[in-house]
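> Structure incoming, see below.
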C-alpha cells in the first residue's frame with residue numbers, strides 16, 4: 001500500500017485565518033478538497049474535482065452576496081477575482097469530464113495553493129475585517 005502523498009496546502013492559523021470562524025471553516029473545507037484532488041488516483045480525480053468546483057461555486061456565490069449586502073468597497077475587484085477563478089476551474093472541469101485530467105491536476109498542484117494563500121491573506125482578510133466593522137461577522 002502506498003503512503004499518502006503530502007498535502008499541497010496545510011491549514012495554518014497564522015497565515016490563513018481571516019479571523020472569521022465561518023470563513024475559516026469554509027476555507028478549511030476547500031483545503032481538504034484541494035488536497036484530496038491533488039492526491040487522488042486517476043479514477044477518483046474527476047468526481048473529487050467536480051466536488052471542489054461545486055464547493056468553490058457555492059463559496060464564492062455566498063461571499064459575493066455578503067460583499068454586496070455589506071457594501072464592501074472593493075467588491076468589484078474581489079468578485080472579479082472570483083469570476084476569473086470560476087472560469088478557469090469550470091473550463092478545466094469540462095476537460096476533466098471529457099477524460100483529460102492532466103491540466104486540472106497541474107492547476108490543483110501548481111497554481112491554486114499559492115493563489116489561495118494570497119487571496120485569503122489579502123482579499124478575504126479585508127472582507128472579514130469589513131464585516132466585523134459593520135457588525136456582520138456572523139453573516140457569512
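Here, each number is a calculation from the coordinates, and none is a lab measurement. Since the structure is predicted, the reported quantities are computational estimates derived from the model, not experimental observations. Glycine gets a Cβ as well: all are built from the backbone with ideal geometry, and neighbour counts include every protein chain shown.
> So is residue 8 assigned to a loop (DSSP other than H, G, I, E, B) and within 21 Å of residue 130 (Cβ to Cβ) or not?
Details: assigned to a loop (DSSP other than H, G, I, E, B): yes; within 21 Å of residue 130 (Cβ to Cβ): no.
Criteria not met by residue 8.
> Would you mention how many residues in region 27-51 are assigned to a helix (DSSP H, G or I) and either surrounded by fewer than 16 Cβ atoms within 10 Å (Cβ to Cβ) or touching a residue at least 40 places away in the same chain (Cβ under 8 Å) (or both)?
Quick first cut of region 27-51, residues assigned to a helix (DSSP H, G or I) only: 27-38, 45-51.
With the extra rule that they be either surrounded by fewer than 16 Cβ atoms within 10 Å (Cβ to Cβ) or touching a residue at least 40 places away in the same chain (Cβ under 8 Å) (or both), the set shrinks to 27-32, 34, 37-38, 45-47, 49-51.
Result for region 27-51: 15.
> For region 97-118, how many residues are assigned to a helix (DSSP H, G or I) and buried (at least 17 other Cβ atoms within 10 Å of the Cβ)?
7
> Inside region 7-26, can you point out the residues that are free of Cβ contacts under 8 Å to residues at least 12 places away in the same chain and closer than 19 Å to residue 111 by Cα? Break it down into steps so the answer makes sense when it comes.
Of region 7-26, the ones free of Cβ contacts under 8 Å to residues at least 12 places away in the same chain are 12-14, 17, 21, 24-25.
The one that is free of Cβ contacts under 8 Å to residues at least 12 places away in the same chain and closer than 19 Å to residue 111 by Cα: 12.
> Can you find a residue that is assigned to a loop (DSSP other than H, G, I, E, B) and either touching a residue at least 12 places away in the same chain (Cβ under 8 Å) or farther than 20 Å from residue 132 by Cβ (or both) anywhere in region 79-96?
Going through region 79-96, the residues assigned to a loop (DSSP other than H, G, I, E, B) turn out to be none.
Looking for residues that are assigned to a loop (DSSP other than H, G, I, E, B) and either touching a residue at least 12 places away in the same chain (Cβ under 8 Å) or farther than 20 Å from residue 132 by Cβ (or both), one finds none in region 79-96, hence no.
> What is the residue count in region 97-118 for residues that are within 24 Å of residue 27 (Cα to Cα) and free of Cβ contacts under 8 Å to residues at least 40 places away in the same chain?
Residues in region 97-118 being within 24 Å of residue 27 (Cα to Cα) and free of Cβ contacts under 8 Å to residues at least 40 places away in the same chain: 8 in total.
> For region 119-128, how many residues meet the condition of being more than 11 Å from the chain's Cα centre (by Cα) and either free of Cβ contacts under 8 Å to residues at least 60 places away in the same chain or not in a helix (DSSP H, G or I) (or both)?
The qualifying residues number 3.
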